[in-house]
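Accompanying notes for the structure given below.
The values are calculated or read from the model by the stated rules, or taken from the named source; none is laboratory data. The shown structure was predicted, so the numbers you read here are calculated from the model rather than taken from an experiment. Every residue, glycine as well, gets a Cβ built from its backbone with ideal geometry; the counts of neighbours run over all protein chains shown.
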Amino acid sequence: MARLALGLILIVSAQDASADAAAKAALQKLASKMKDVRTLTANVVQSRTTELLDKPIVSSGTLAYRREPAHLVFHLTEPRRAEIHLEKSSYQVYRPDEKRLERIDFESDDWTSRILMMFEPRPEEIGKAFAVKGGSSREGAIEVQLESSDERFRKRLRKIVLTVAEGDGTLRRIAYTDAEGDEVQFDLTHVELNPVLPPDAFLLKTEDGTRTLRRTVSRTSD
């Protein structure tokens with residue numbers, strides 16, 4: 001019986017090692033594909049699963065990314081309009097129908113830099129910030145699970161999972177589990193690399209009468 005248990009442990013360990021190796025190889029392909037990317041656009045479907053609701057909350061729209069200076073923006077149109085901006089020093093959510101802007105300023109960019117790192121993946125840098133683990137593999141894509149041992153980071157995001165196409169390293173999905181246990185995923189389609197974007201693509205414009213809720217997150221609260 002002990003030999004059988006040991007054999008099963010060895011088999012599972014070998015499978016885990018194989019999955020981890022496949023995930024690292026997929027991450028390397030993603031890094032190669034994104035190496036010279038300066039801008040990126042895609043259609044996006046956001047899905048949030050929470051214990052408070054029976055069904056996921058689904059939104060759709062587009063995203064745009066630029067590398068210098070690093071900026072990621074989501075324009076969600078369904079079911080409600082929202083504009084989400086992530087930069088190294090701030091996170092903003094603008095809801096035009098409610099005329100409300102929520103803004104968080106960060107004294108430290110550790111958290112935001114790790115999120116933006118997904119669009120400029122350098123395996124050696126990711127390896128310093130996360131443990132790279134293999135997840136499931138299906139439909140020609142591999143899950144790359146990124147787990148941080150930094151408790152400050154885990155207060156916001158417990159885990160990040162990238163779904164990467166095995167063939168060409170295309171990023172298909174970004175998913176994460178937040179500190180409250182909600183699971184959020186962004187499915188990307190029609191990804192375009194290095195499109196020419198208008199100067200105001202990353203400019204946040206608010207309507208007159210917009211109420212701004214603003215707070216600062218200090219280094220000690222990270």
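Looking at this structure, is GLU207 under 17 Å from the mean Cα position of the chain (by Cα), at negative phi, touching a residue at least 12 places away in the same chain (Cβ under 8 Å) and not in a strand (DSSP E or B)? No.
This table checks each residue for (1) surrounded by 10 or more Cβ atoms within 10 Å (Cβ to Cβ); (2) in a loop (DSSP other than H, G, I, E, B).
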residue	(1), (2)
VAL144	yes, no
ILE160	yes, no
ASP168	yes, yes
ASP187	yes, no
VAL196	no, yes
THR216	yes, no
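The residue that is modelled with the lowest pLDDT, among those in region 67-98 that are of a type in the set (D, E, K, R) and surrounded by 14 or more Cβ atoms within 10 Å (Cβ to Cβ), is LYS88. Under the condition of being in a strand (DSSP E or B), closer than 19 Å to LEU188 by Cα and either in contact (Cβ under 8 Å) with a residue 60 or more places away in the chain or in contact with a strand residue (DSSP E or B) (Cβ under 7 Å, 6 or more places away or on another chain) (or both), the residues counted in region 116-138 number 3. Residues being among the acidic types (Asp, Glu) and within 30 Å of ALA22 (Cα to Cα) are represented in region 123-132 by at least one member. Taking the criterion of being in contact with a Lys or Arg (Cβ under 8 Å, 6 or more places away or on another chain) and touching a residue at least 40 places away in the same chain (Cβ under 8 Å), the residues of region 84-101 that qualify are GLN92, TYR94, PRO96, LYS99, ARG100, LEU101.
Okay, residues lined up against (1) modelled with pLDDT of 80 or more; (2) crowded, with 17+ Cβ neighbours inside 10 Å; (3) touching a helix residue (DSSP H, G or I) at 6+ places or on another chain (Cβ under 9 Å):
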{"position": "ARG100", "(1), (2), (3)": "yes, no, no"}
{"position": "ARG103", "(1), (2), (3)": "yes, no, no"}
{"position": "PHE106", "(1), (2), (3)": "yes, yes, yes"}
{"position": "TRP111", "(1), (2), (3)": "no, yes, yes"}
{"position": "ARG114", "(1), (2), (3)": "no, yes, yes"}
{"position": "PHE119", "(1), (2), (3)": "yes, yes, yes"}
{"position": "PHE130", "(1), (2), (3)": "yes, yes, yes"}
{"position": "LYS133", "(1), (2), (3)": "yes, yes, yes"}
{"position": "ALA141", "(1), (2), (3)": "yes, yes, yes"}
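Taken as a whole, the condition of being over 24 Å from PHE106 (Cβ atoms) and at pLDDT 90 or above does not apply to ASP54.
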